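*Asks:* Sharing a structure with you now.
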Amino acid sequence: WLAVRLDSVSSVEGWGGGLRSRRCLLKLQPCGRQVFVRSPDAAATEDLLENVRLAVRDTRWREGSYEAASMGGLQRILGERAVKQQATEQTLDVALADLDSLRRHAVEAAAAAKQVVAQLSQRSAGDGKDDGSGVKQLLEEFGLLQSDGSAIACGGQQEADVVADVSKVCMAALEKKGNLGTLLAHDVFCLVNRSRGTALVSPDEVMSALRTCTAPGSSLRLRTLGPGGAIAVSLARTSDDELDSQLLALAEAGPLSAFELGQKLKLTAAEARYLLHDAEARAVLVRDDAPECVFFHRNFFEDF
């Protein structure tokens, strides 16, 4: 092995050839000595000669060492880490600012809500009405208030209490609607909870109570309306023939829509629509999808 410092090499020349083997001649400074480097492979000697010439001529090895380059790489990594840390801190600052703004807005919203409640309470006191006047009016419209103004539901927590409340609410509301009235299951759920006050029940409890109230021989009947299979409850004494005859009488007067039927029978538009689709499924009425509305007519095909 031979180790020579590049800064001590003054020149590099090729020496020999022909009868002599090709060699790489290194002239050293300041001593002036000459060093011959020989290899059995001439191609390897030429490659060494070319590489040493480039190194001595360009002197790039003077710009730094391995240690300096590695320090530069470490500084770059540390700089990138510092940039990421700064970006993280900025993101956290923005998030904390948003949280603080949200907290302040929440406090302001709570204060505004309290102010609205106070104003409504003062207005109700001035009018001589309590805060539950809207609920009482709803219960009164559906016949769910007793003569003393209290709700017909008892509000018990036992299963029998829930069944009794559901039965009372359905019977009272349907009697108020008339023989052709129906109540959709979600309307029953809302009316029962309004009547029970704070003793709320779940949709599953209401459906279980409805199935119990509509058992064979009871005063209520559970039925499925329309192509969508909406669940509704009606009085057991209500028959499809009676409903069909009344719908036919209304359809004879002119095209019948869900809005018109709801007004005439005091039903909601959804209930009326389900009744019309149910009558269509029994081939009592036929549907006309007009541009302005969906109308139902008497099924004249039964006349032929």
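*Asks:* Place a label point 7 angstrom from the Cα of ASP303 along the Cα-to-Cβ direction, then list the residues of the range 261-277 whose backbone nitrogen is under 17 Å away.
*Replies:* Answer for this model: none.
*Asks:* Still on this structure, I have one more. Calculate, axis by axis, the spread of Cα positions in the range 239-304 along the three principal axes, and write the results as whole Å, longest axis first.
*Replies:* So the extents along the principal axes, rounded to whole Å, are 33, 32, 21.
*Asks:* If the convex hull of the alpha-carbon atoms of the range 6-62 is projected onto planes in all directions, what is the mean projected area in square nanometres? Intermediate values should be presented prior to the final figure.
*Replies:* Values: hull surface 15.7 nm².
The number I arrive at for the range 6-62 is 3.9 nm².
*Asks:* By how many nm would the segment from ALA249 to VAL4 lengthen if fully extended, with 0.36 nm per residue of separation less the alpha-carbon distance?
*Replies:* Details: separation 245, 0.36 × 245 = 88.20 nm, distance 11.86 nm.
Value of the extension gain: 76.3 nm.
*Asks:* For a label point 7 Å from the Cα of ARG53 along Cα→C-beta, name the residues of the range 1-41 whose backbone N is under 11 Å from it.
*Replies:* Within reach of a label on ARG53: 12-15.
We did not get these values from a lab; they are worked out from the coordinates using the rules stated. Everything quoted here is computed from the prediction, not taken from an experiment. Every residue, glycine as well, gets a Cβ built from its backbone with ideal geometry; the counts of neighbours run over all protein chains shown.
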